[in-house]
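**Q** Got a structure for you, written out below as C-alpha coordinates; questions coming shortly.
The values are calculated or read from the model by the stated rules, or taken from the named source; none is laboratory data. Please read all numbers here as calculations on a predicted model, not as lab measurements. Ideal geometry is used to build each Cβ from the backbone, glycine not excepted, and the neighbour counts take in all protein chains shown. Heads up: the accessible areas ignore ligands, DNA and RNA and are worked out on the full protein's heavy atoms, side chains in. Shrake-Rupley method; radii C 1.70, N 1.55, O 1.52, S 1.80 Å.
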Amino acid sequence: MALFKPKFITFDCYGTLINFDMAGAAARCFANRVAPDEMNAFTTDFARYRLDEVLGAWKPYYDVVSNALQRTCKKWGIACDKADSDFIYTDCATWGPHPDVPAGLAKVAKEFPLVLLTNSMKDLIPHHVPRLGAPIHLTITAEEVGAYKPQMKGFEYMLDKLNCGPEEILHVSSSLRYDLMTAHDLGITHKAWVNRGHEPGNPAYGYTEINDIGGLPAVVGL
(Lines give C-alpha, C1' and ligand atoms only; values in the text may rest on other atoms or scores of the structure.)
Protein backbone atom coordinates (compact mmCIF):
# COMPACT_ATOMS: atom_id res chain seq x y z
CA MET A 1 0.00 0.00 0.00
CA ALA A 2 2.82 2.40 0.78
CA LEU A 3 3.92 2.26 -2.86
CA PHE A 4 0.46 2.94 -4.28
CA LYS A 5 -0.17 6.48 -5.49
CA PRO A 6 -3.91 6.92 -6.03
CA LYS A 7 -5.37 9.40 -8.47
CA PHE A 8 -7.74 10.44 -5.68
CA ILE A 9 -8.16 9.71 -2.01
CA THR A 10 -11.86 9.36 -1.34
CA PHE A 11 -13.47 9.56 2.08
CA ASP A 12 -16.55 8.85 4.04
CA CYS A 13 -17.22 12.03 6.01
CA TYR A 14 -19.44 11.43 9.04
CA GLY A 15 -17.76 9.23 11.62
CA THR A 16 -14.53 9.04 9.64
CA LEU A 17 -13.69 12.75 9.51
CA ILE A 18 -16.50 14.53 11.35
CA ASN A 19 -17.19 13.34 14.89
CA PHE A 20 -20.61 11.88 14.15
CA ASP A 21 -22.32 12.41 17.50
CA MET A 22 -25.79 11.12 16.69
CA ALA A 23 -25.69 8.95 19.83
CA GLY A 24 -24.78 11.97 21.95
CA ALA A 25 -27.55 14.06 20.44
CA ALA A 26 -30.10 11.31 21.09
CA ALA A 27 -28.81 10.85 24.64
CA ARG A 28 -29.20 14.54 25.37
CA CYS A 29 -32.66 14.60 23.84
CA PHE A 30 -33.92 11.53 25.72
CA ALA A 31 -32.07 12.00 29.01
CA ASN A 32 -35.37 12.31 30.89
CA ARG A 33 -36.99 9.34 29.17
CA VAL A 34 -34.27 6.69 29.05
CA ALA A 35 -32.34 5.52 32.11
CA PRO A 36 -28.57 6.17 32.02
CA ASP A 37 -27.76 2.45 32.19
CA GLU A 38 -30.00 1.80 29.18
CA MET A 39 -28.95 4.74 27.01
CA ASN A 40 -26.23 2.87 25.13
CA ALA A 41 -28.70 0.17 24.09
CA PHE A 42 -31.21 2.84 23.06
CA THR A 43 -28.73 4.74 20.88
CA THR A 44 -27.46 1.45 19.40
CA ASP A 45 -30.99 0.62 18.29
CA PHE A 46 -31.29 4.12 16.82
CA ALA A 47 -28.11 3.51 14.79
CA ARG A 48 -29.38 0.16 13.53
CA TYR A 49 -32.68 1.63 12.39
CA ARG A 50 -30.84 4.45 10.57
CA LEU A 51 -28.88 1.85 8.63
CA ASP A 52 -32.11 0.09 7.70
CA GLU A 53 -33.69 3.40 6.62
CA VAL A 54 -30.92 4.17 4.10
CA LEU A 55 -31.23 0.82 2.35
CA GLY A 56 -34.44 1.71 0.53
CA ALA A 57 -35.44 4.48 -1.84
CA TRP A 58 -33.75 7.82 -1.25
CA LYS A 59 -35.42 10.25 1.13
CA PRO A 60 -34.16 13.41 2.83
CA TYR A 61 -31.80 12.72 5.71
CA TYR A 62 -34.20 14.38 8.11
CA ASP A 63 -36.67 11.61 7.27
CA VAL A 64 -34.00 8.96 7.81
CA VAL A 65 -33.37 10.35 11.28
CA SER A 66 -37.04 10.87 12.08
CA ASN A 67 -38.18 7.45 10.87
CA ALA A 68 -35.37 5.68 12.71
CA LEU A 69 -36.13 7.61 15.87
CA GLN A 70 -39.82 6.76 15.72
CA ARG A 71 -39.05 3.08 15.19
CA THR A 72 -36.60 3.10 18.10
CA CYS A 73 -39.08 4.78 20.40
CA LYS A 74 -41.83 2.36 19.38
CA LYS A 75 -39.56 -0.55 20.30
CA TRP A 76 -38.77 1.05 23.64
CA GLY A 77 -42.33 2.15 24.38
CA ILE A 78 -41.27 5.78 24.60
CA ALA A 79 -43.18 8.79 23.31
CA CYS A 80 -41.49 10.96 20.70
CA ASP A 81 -42.60 13.75 18.41
CA LYS A 82 -41.32 16.09 15.72
CA ALA A 83 -39.49 18.23 18.27
CA ASP A 84 -37.21 15.29 19.05
CA SER A 85 -36.32 14.78 15.40
CA ASP A 86 -35.79 18.52 15.00
CA PHE A 87 -33.46 18.59 18.02
CA ILE A 88 -31.28 15.75 16.76
CA TYR A 89 -31.14 16.91 13.13
CA THR A 90 -30.31 20.47 14.15
CA ASP A 91 -27.51 19.16 16.36
CA CYS A 92 -25.89 17.56 13.29
CA ALA A 93 -24.85 20.95 11.93
CA THR A 94 -22.81 21.71 15.06
CA TRP A 95 -20.42 18.78 14.83
CA GLY A 96 -16.72 19.27 14.12
CA PRO A 97 -13.86 17.01 13.02
CA HIS A 98 -12.07 14.45 15.13
CA PRO A 99 -8.91 16.09 16.57
CA ASP A 100 -6.59 14.09 14.30
CA VAL A 101 -8.32 15.12 11.07
CA PRO A 102 -7.09 18.62 10.10
CA ALA A 103 -3.36 17.86 10.29
CA GLY A 104 -3.65 14.43 8.68
CA LEU A 105 -5.81 15.68 5.83
CA ALA A 106 -3.66 18.73 5.23
CA LYS A 107 -0.60 16.52 4.76
CA VAL A 108 -2.13 14.20 2.16
CA ALA A 109 -3.91 17.11 0.43
CA LYS A 110 -0.51 18.46 -0.61
CA GLU A 111 -0.04 15.44 -2.88
CA PHE A 112 -3.50 14.08 -3.69
CA PRO A 113 -6.93 15.53 -4.49
CA LEU A 114 -9.40 14.68 -1.73
CA VAL A 115 -13.00 13.64 -2.43
CA LEU A 116 -15.93 13.18 -0.05
CA LEU A 117 -18.67 10.62 -0.71
CA THR A 118 -21.08 11.36 2.09
CA ASN A 119 -24.53 10.32 3.28
CA SER A 120 -25.41 13.98 3.63
CA MET A 121 -27.62 16.67 2.20
CA LYS A 122 -26.64 19.65 0.07
CA ASP A 123 -27.73 22.03 2.84
CA LEU A 124 -26.04 20.10 5.67
CA ILE A 125 -22.56 19.28 4.36
CA PRO A 126 -21.49 22.97 3.99
CA HIS A 127 -21.49 23.17 7.79
CA HIS A 128 -18.78 20.51 7.93
CA VAL A 129 -16.43 20.79 4.94
CA PRO A 130 -14.87 24.12 6.08
CA ARG A 131 -14.05 22.53 9.46
CA LEU A 132 -11.92 19.75 7.96
CA GLY A 133 -8.81 21.90 7.66
CA ALA A 134 -7.82 20.89 4.12
CA PRO A 135 -8.97 21.65 0.57
CA ILE A 136 -11.60 19.25 -0.75
CA HIS A 137 -11.49 18.65 -4.49
CA LEU A 138 -15.06 17.34 -4.78
CA THR A 139 -17.97 16.65 -2.44
CA ILE A 140 -20.70 14.20 -3.46
CA THR A 141 -23.79 13.90 -1.29
CA ALA A 142 -26.38 11.16 -1.12
CA GLU A 143 -28.92 13.79 -2.17
CA GLU A 144 -26.99 14.40 -5.40
CA VAL A 145 -26.70 10.68 -6.09
CA GLY A 146 -30.23 9.79 -5.09
CA ALA A 147 -29.02 6.93 -2.89
CA TYR A 148 -27.28 6.41 0.42
CA LYS A 149 -24.31 4.20 1.17
CA PRO A 150 -24.01 1.24 1.59
CA GLN A 151 -25.82 1.05 -1.73
CA MET A 152 -23.44 0.85 -4.69
CA LYS A 153 -24.88 3.76 -6.66
CA GLY A 154 -22.89 6.46 -4.88
CA PHE A 155 -19.57 4.74 -5.51
CA GLU A 156 -20.44 4.19 -9.16
CA TYR A 157 -21.49 7.83 -9.50
CA MET A 158 -18.25 8.98 -7.88
CA LEU A 159 -16.06 6.88 -10.15
CA ASP A 160 -17.90 8.23 -13.18
CA LYS A 161 -17.45 11.82 -11.97
CA LEU A 162 -13.75 11.23 -11.37
CA ASN A 163 -13.34 9.36 -14.67
CA CYS A 164 -11.27 6.65 -13.09
CA GLY A 165 -11.46 2.96 -12.29
CA PRO A 166 -12.02 1.37 -8.91
CA GLU A 167 -8.37 0.31 -8.77
CA GLU A 168 -7.17 3.91 -9.11
CA ILE A 169 -8.49 5.37 -5.85
CA LEU A 170 -7.86 4.87 -2.16
CA HIS A 171 -11.11 4.87 -0.17
CA VAL A 172 -10.97 5.75 3.51
CA SER A 173 -13.70 5.02 6.03
CA SER A 174 -14.30 4.13 9.66
CA SER A 175 -17.21 1.87 8.66
CA LEU A 176 -17.11 -1.51 7.02
CA ARG A 177 -20.91 -1.77 6.81
CA TYR A 178 -21.49 1.62 5.17
CA ASP A 179 -18.39 1.83 2.99
CA LEU A 180 -15.68 -0.79 2.89
CA MET A 181 -17.82 -3.86 2.23
CA THR A 182 -19.43 -2.10 -0.73
CA ALA A 183 -16.07 -0.80 -1.92
CA HIS A 184 -14.74 -4.36 -1.79
CA ASP A 185 -17.66 -5.67 -3.81
CA LEU A 186 -17.08 -3.02 -6.47
CA GLY A 187 -13.40 -3.89 -6.87
CA ILE A 188 -11.96 -0.90 -5.01
CA THR A 189 -8.78 -2.70 -4.05
CA HIS A 190 -7.10 0.07 -2.06
CA LYS A 191 -8.92 0.81 1.17
CA ALA A 192 -8.04 2.21 4.57
CA TRP A 193 -10.09 1.45 7.66
CA VAL A 194 -9.91 4.11 10.35
CA ASN A 195 -10.52 2.09 13.50
CA ARG A 196 -12.52 4.51 15.61
CA GLY A 197 -14.24 1.71 17.49
CA HIS A 198 -17.59 2.03 15.72
CA GLU A 199 -17.72 -1.60 14.66
CA PRO A 200 -15.49 -4.69 14.48
CA GLY A 201 -13.01 -5.13 11.69
CA ASN A 202 -12.82 -7.96 9.19
CA PRO A 203 -9.49 -8.24 7.33
CA ALA A 204 -11.17 -10.38 4.66
CA TYR A 205 -12.30 -7.10 3.08
CA GLY A 206 -8.73 -6.19 2.22
CA TYR A 207 -7.94 -2.86 3.86
CA THR A 208 -5.05 -1.23 5.66
CA GLU A 209 -5.98 -0.45 9.26
CA ILE A 210 -5.04 2.91 10.77
CA ASN A 211 -5.93 4.33 14.17
CA ASP A 212 -6.72 7.82 12.92
CA ILE A 213 -6.18 10.14 9.95
CA GLY A 214 -2.69 10.87 11.25
CA GLY A 215 -1.80 7.39 10.00
CA LEU A 216 -3.04 8.02 6.47
CA PRO A 217 0.08 9.74 5.03
CA ALA A 218 2.14 6.59 5.64
CA VAL A 219 -0.41 4.53 3.67
CA VAL A 220 0.41 6.56 0.55
CA GLY A 221 4.13 6.79 1.20
CA LEU A 222 4.30 10.28 2.69
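**Q** Where only protein heavy atoms count, and the probe is 1.4 Å, what is the accessible area per residue for segment 74-170 in Å²?
**A** Per residue, segment 74-170 has 47 Å² of solvent-accessible surface.
**Q** Still on this structure, I have one more. Taking Lys149 as the anchor, which lysines have their alpha carbon closer than 26 Å to its alpha carbon, excluding any fewer than eight residues away along the same chain?
**A** Candidates past the 8-residue exclusion: Lys5, Lys7, Lys59, Lys74, Lys75, Lys82, Lys122, Lys161, Lys191.
**Q** Hey, how many Å between the Cα centroid of segment 171-212 and the Cα centroid of segment 38-95?
**A** Their Cα centres are 25 Å away from one another.
**Q** If you don't mind, there's one more thing I want to ask. What is the sum of charges around Asn202, taking Lys and Arg as +1, Asp and Glu as -1, for the other residues whose C-beta is under 14 Å from the C-beta of Asn202?
**A** With Lys, Arg at +1 and Asp, Glu at -1, the neighbours total -2.
**Q** Could you go through segment 102-118 in sequence order and give the Karplus-derived ³J(HN,Hα) for each residue, using 6.51 cos²θ - 1.76 cosθ + 1.60 with θ = phi - 60°, rounded to whole Hz, and x for Gly and Pro?
**A** x, 5, x, 5, 4, 5, 6, 5, 5, 10, 9, x, 9, 10, 9, 10, 10
**Q** Tell me which trypsin sites (Lys or Arg not before Pro) from segment 55-126 have a DSSP coil assignment and no more than 13 other beta carbons within 10 Å of their own.
**A** When the trypsin sites (Lys or Arg not before Pro) of segment 55-126 are filtered for loop state and at most 13 Cβ neighbours within 10 Å, Lys110, Lys122 remain.
**Q** Hey, another quick one. Using only the heavy atoms of the protein chains and a 1.4 Å probe, how would Arg28, Arg48 rank by accessible area, largest first?
**A** So the residues, ranked largest to smallest area, are Arg48, Arg28.
**Q** Next up: To the nearest 0.05, what FRET efficiency results for Phe4 and Glu199 with a Förster distance of 35 Å applied to their C-beta separation?
**A** 0.90
**Q** How far is helix 82-92 tilted, in degrees, relative to the longest principal axis of the Cα atoms in the chain, given as a value from 0 to 90 rounded to the nearest 10?
**A** Orientation of helix 82-92: about 30 degrees from the principal axis.
**Q** Specify the residue with the greatest mean-square fluctuation among Ile78, Ile136, Ile210, computed from a Gaussian network of the chain linking alpha-carbon atoms under 10 Å apart.
**A** Judging by the Gaussian network model, the answer is Ile78.
**Q** Counting only protein heavy atoms and using a 1.4 Å probe, what share of the accessible area of segment 69-143 belongs to carbon plus sulfur, as a whole percent?
**A** Its accessible area is 58 percent carbon and sulfur atoms.
**Q** Given a 10 angstrom Cα cut-off, can you work out which residue in Asp100, Asp81, Asp212 is the most mobile in a GNM of the chain?
**A** Maximum fluctuation in the GNM of the chain, among the listed residues, is at Asp81.
**Q** Just reorder His184, His137 by solvent-accessible area, largest first, 1.4 Å probe, all chains present.
**A** Result, largest first: His137, His184.
**Q** To the nearest 20 Debye, how big is the dipole of segment 130-186 about its Cα centre, given +1 on the beta carbon of each Lys and Arg and -1 on that of each Asp and Glu?
**A** 240 debye
**Q** In what order, largest first, do Glu53, Glu209 sit by accessible area if the probe radius is 1.4 Å?
**A** From most accessible down to least: Glu209, Glu53.
**Q** Still on this structure, please answer the following. Which value in deg cm²/dmol, rounded to the nearest 500, describes the helix-derived mean residue ellipticity at 222 nm for the chain, given -39,500 (n - 2.57) per DSSP H run of n ≥ 4 and division by the residue count?
**A** Rounded to the nearest 500, the figure is -10500 deg cm²/dmol.
**Q** Here's a follow-up. Using a Gaussian network model on the chain with a 10 Å cutoff between Cα atoms, which of Trp193, Trp76, Trp58 fluctuates the most?
**A** Of the options given, Trp76 has the highest mean-square fluctuation.
**Q** For segment 71-205, what relative contact order do you get, as a whole percent, if you take Cα pairs closer than 8 Å and at least 6 residues apart?
**A** 16 percent
**Q** Then there is this: Classify segment 105-197: rounded, prolate or oblate, from the alpha-carbon gyration tensor (a ≥ b ≥ c, eigenvalue square roots; a/c under 1.5 rounded; otherwise prolate if a/b is larger than b/c)?
**A** In terms of gyration-tensor shape, rounded.
**Q** If you don't mind, another one. Would you mind classifying the chain by shape? Square roots of the alpha carbon gyration tensor eigenvalues, ordered a ≥ b ≥ c; an a/c under 1.5 is rounded, otherwise it is prolate if a/b is larger than b/c and oblate if not.
**A** Since a/c reaches 1.5 and a/b is larger than b/c, the shape of the chain is classed as prolate.
**Q** A further question on this structure: Would you mind classifying segment 158-222 by shape? Square roots of the alpha carbon gyration tensor eigenvalues, ordered a ≥ b ≥ c; an a/c under 1.5 is rounded, otherwise it is prolate if a/b is larger than b/c and oblate if not.
**A** oblate
**Q** About its Cα centre, what dipole magnitude does the chain give when the only charges are +1 on Lys and Arg Cβ and -1 on Asp and Glu Cβ, stated in debye to the nearest 20?
**A** Rounded to the nearest 20 debye, it is 100 debye.
**Q** Pairing the Cα long axis of helix 39-53 with the longest principal axis of the chain, what angle in degrees results, from 0 to 90 and rounded to the nearest 10?
**A** Once rounded, the angle reads 60 degrees.
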